[in-house]
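The structure appears right after this line, and notes come after that.
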């Protein structure tokens, strides 16, 4: 993108605008997740067929994410994000309209494809804003995504409790979120490609640096997916708790992650990405160990809280590092996003398969092992751990940091 100069006030405004887009993106996910049972009944699919259909969002995202860089190059970052976030919010309508398995798979493929492209575009713009502010903001942006997801799921829970038709619920949510997302895009950075800049390839393998960074993200997302889908089951089956207490464990894990992400930028600015992830990996490993050795619900819930606290900032820092790891930030971010999406896809089924063959305790031994990898391989995030000179004047112009 061209080396444009921005007033610091514009960059700060762009930070809040991108944060609002992150929240809108998360709200779509939360709105969809709470109505999956309704969608299953409407499409008339079995649990196994639903599991098959739910693999299509990750498939669509993985195939479409590399296109985000080309779209941004052709239309400019602001217009690209505006269009992609609108496609994503409107795609929320499709799954609830599906009358059978085939149409549900197609709807979820489109849903995932639009989600992935918008994800890459907003993360790339988030990295650009972080570069210009010269301080960490990616953790907070992902915290806004978590806050949006919690808001969307709360609204969806209320709609389900009232017995509303998911087609009406998702139509109203899609229109509302589209208006909010498009409006927020008005203030994001309007980056345009330089005249001599070559367009990125539509499809290309991610650089090696992105693969290494993505491996760290894989470990974090695997632990997140396992905990979100299996923490309640773990407390119920392993520790014989009530359904309410088991559900509270999952809620606590989610809240811990959201709070840690919102507060994580100050930690990153003080200690750097590498040391932050290394310490986070230690916390996550301790949490995993506490889960597998606990014989009381309180200890297991504390373990899940530590696990959530430990993995919360890892994925945002992976995106930040990917955006600085080479000459094509969108391609690197798309590579990391593809790996993390894949991890989120396989984690729940992998945990279930291991539990079926052995036990849930053994499954979470694997989670603990992967969590320890965060501490061991944190050094690959050094691309996002550069020195950040502070801006001395409050209204100074902030140039593009790249040559």
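Is at least one residue of segment 326-342 surrounded by fewer than 18 Cβ atoms within 10 Å (Cβ to Cβ) and either more than 30 Å from residue 121 (Cα to Cα) or without any contact (Cβ under 8 Å) to a residue 60 or more places away in the chain (or both)? Spell out the reasoning first.
Step one: of segment 326-342, the residues surrounded by fewer than 18 Cβ atoms within 10 Å (Cβ to Cβ) are 326-327.
Checking which are either more than 30 Å from residue 121 (Cα to Cα) or without any contact (Cβ under 8 Å) to a residue 60 or more places away in the chain (or both) leaves us with 327.
Checking segment 326-342: at least one residue is surrounded by fewer than 18 Cβ atoms within 10 Å (Cβ to Cβ) and either more than 30 Å from residue 121 (Cα to Cα) or without any contact (Cβ under 8 Å) to a residue 60 or more places away in the chain (or both).
Test residue 27 against the criterion of being within 22 Å of residue 170 (Cα to Cα), in contact with a helix residue (DSSP H, G or I) (Cβ under 9 Å, 6 or more places away or on another chain) and surrounded by 22 or more Cβ atoms within 10 Å (Cβ to Cβ), and give yes or no.
Values: within 22 Å of residue 170 (Cα to Cα): yes; in contact with a helix residue (DSSP H, G or I) (Cβ under 9 Å, 6 or more places away or on another chain): yes; surrounded by 22 or more Cβ atoms within 10 Å (Cβ to Cβ): yes.
Yes: the conditions hold for residue 27.
Does at least one position in segment 162-181 carry a residue that is crowded, with 19+ Cβ neighbours inside 10 Å, free of Cβ contacts under 8 Å to residues at least 24 places away in the same chain and under 25 Å from residue 63 (Cβ atoms)? Walk me through it before giving the result.
The initial filter retains those residues of segment 162-181 that are crowded, with 19+ Cβ neighbours inside 10 Å, namely 166, 169-170, 173-174, 177-178, 181.
Narrowing the set further to residues that are free of Cβ contacts under 8 Å to residues at least 24 places away in the same chain leaves none.
Within segment 162-181 (the criterion being crowded, with 19+ Cβ neighbours inside 10 Å, free of Cβ contacts under 8 Å to residues at least 24 places away in the same chain and under 25 Å from residue 63 (Cβ atoms)), the answer is no, since none of the residues qualifies.
Yes/no matrix, rows are residues, columns are (1) crowded, with 24+ Cβ neighbours inside 10 Å; (2) within 15 Å of residue 332 (Cα to Cα); (3) free of Cβ contacts under 8 Å to residues at least 24 places away in the same chain; (4) not assigned by the TED database to the domain that holds residue 26:
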| site | (1), (2), (3), (4) |
| --- | --- |
| 70 | no, yes, no, no |
| 78 | no, no, no, no |
| 85 | yes, no, no, no |
| 94 | no, no, yes, no |
| 104 | yes, no, no, no |
| 108 | yes, no, no, no |
| 114 | yes, no, no, no |
| 122 | yes, yes, no, no |
| 126 | yes, yes, no, no |
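Just to be sure, is residue 367 under 10 Å from residue 213 (Cα atoms) and either touching a strand residue (DSSP E or B) at 6+ places or on another chain (Cβ under 8 Å) or at pLDDT 85 or above (or both)?
Values: under 10 Å from residue 213 (Cα atoms): no; either touching a strand residue (DSSP E or B) at 6+ places or on another chain (Cβ under 8 Å) or at pLDDT 85 or above (or both): yes.
So residue 367 fails the test.
Can you go through 338, 276, 251 and tell me which one is outside the structural domain of residue 143 (by the TED database), closer than 19 Å to residue 145 by Cα and touching a helix residue (DSSP H, G or I) at 6+ places or on another chain (Cβ under 6 Å)? Spell out the reasoning first.
Working: 276 fails: closer than 19 Å to residue 145 by Cα; 251 fails: touching a helix residue (DSSP H, G or I) at 6+ places or on another chain (Cβ under 6 Å).
After ruling out the rest, the residue left standing is 338.
Tell me which of these residue 8 doesn't satisfy, since it passes every other one: (1) buried (at least 17 other Cβ atoms within 10 Å of the Cβ); (2) in contact with a strand residue (DSSP E or B) (Cβ under 6 Å, 6 or more places away or on another chain).
Unmet for residue 8, out of (1) buried (at least 17 other Cβ atoms within 10 Å of the Cβ); (2) in contact with a strand residue (DSSP E or B) (Cβ under 6 Å, 6 or more places away or on another chain): (1).
For segment 10-84, which helices (runs of 4 or more DSSP H) that fit wholly inside it have 3 or more residues that are over 20 Å from residue 124 (Cα atoms) and at pLDDT 90 or above? Steps first, answer last, please.
Details: elements: 36-43, 47-53, 56-64, 67-75.
By residue number, 36-43.
For residue 373, all conditions in the list (1) modelled with pLDDT of 95 or more; (2) over 16 Å from residue 212 (Cβ atoms) hold save one; what is the number of the exception?
Checking residue 373 against (1) modelled with pLDDT of 95 or more; (2) over 16 Å from residue 212 (Cβ atoms), the one that fails is (2).
Tally the residues that are assigned to a loop (DSSP other than H, G, I, E, B) and within 19 Å of the chain's Cα centre (by Cα), restricting the search to segment 85-101. I'd like the intermediate steps shown before the answer.
Step one: list which residues in segment 85-101 are assigned to a loop (DSSP other than H, G, I, E, B), which gives 92, 98-100.
From the residues that got through so far, the ones that are within 19 Å of the chain's Cα centre (by Cα) too are 92.
Summing the residues that are assigned to a loop (DSSP other than H, G, I, E, B) and within 19 Å of the chain's Cα centre (by Cα) in segment 85-101 gives 1.
Let me confirm something: among 325, 343, which residue is in the same structural domain as residue 221 (by the TED database), within 30 Å of residue 191 (Cβ to Cβ) and not in a helix (DSSP H, G or I)? Lay out the reasoning, then the answer.
Numbers: 343 fails: not in a helix (DSSP H, G or I).
The conditions single out 325.
Quick one: residue 36 ticks every box in (1) within 22 Å of residue 346 (Cα to Cα); (2) under 22 Å from the mean Cα position of the chain (by Cα); (3) surrounded by 24 or more Cβ atoms within 10 Å (Cβ to Cβ) except a single one, so which number is it?
(3)
List the residue pairs whose Cβ atoms are under 7 Å apart, where the first residue sits in segment 352-377 and is loosely packed, with under 13 Cβ neighbours inside 10 Å, the second is not in a helix (DSSP H, G or I), and the two are 6 or more positions apart or on different chains.
Within 7 Å, no pair qualifies.
The values are calculated or read from the model by the stated rules, or taken from the named source; none is laboratory data. These numbers were taken from a predicted model, which means no experiment stands behind them. Because the Cβ atoms are built from the backbone with ideal geometry, glycine has one as well, and the counts that use them run over all protein chains shown.
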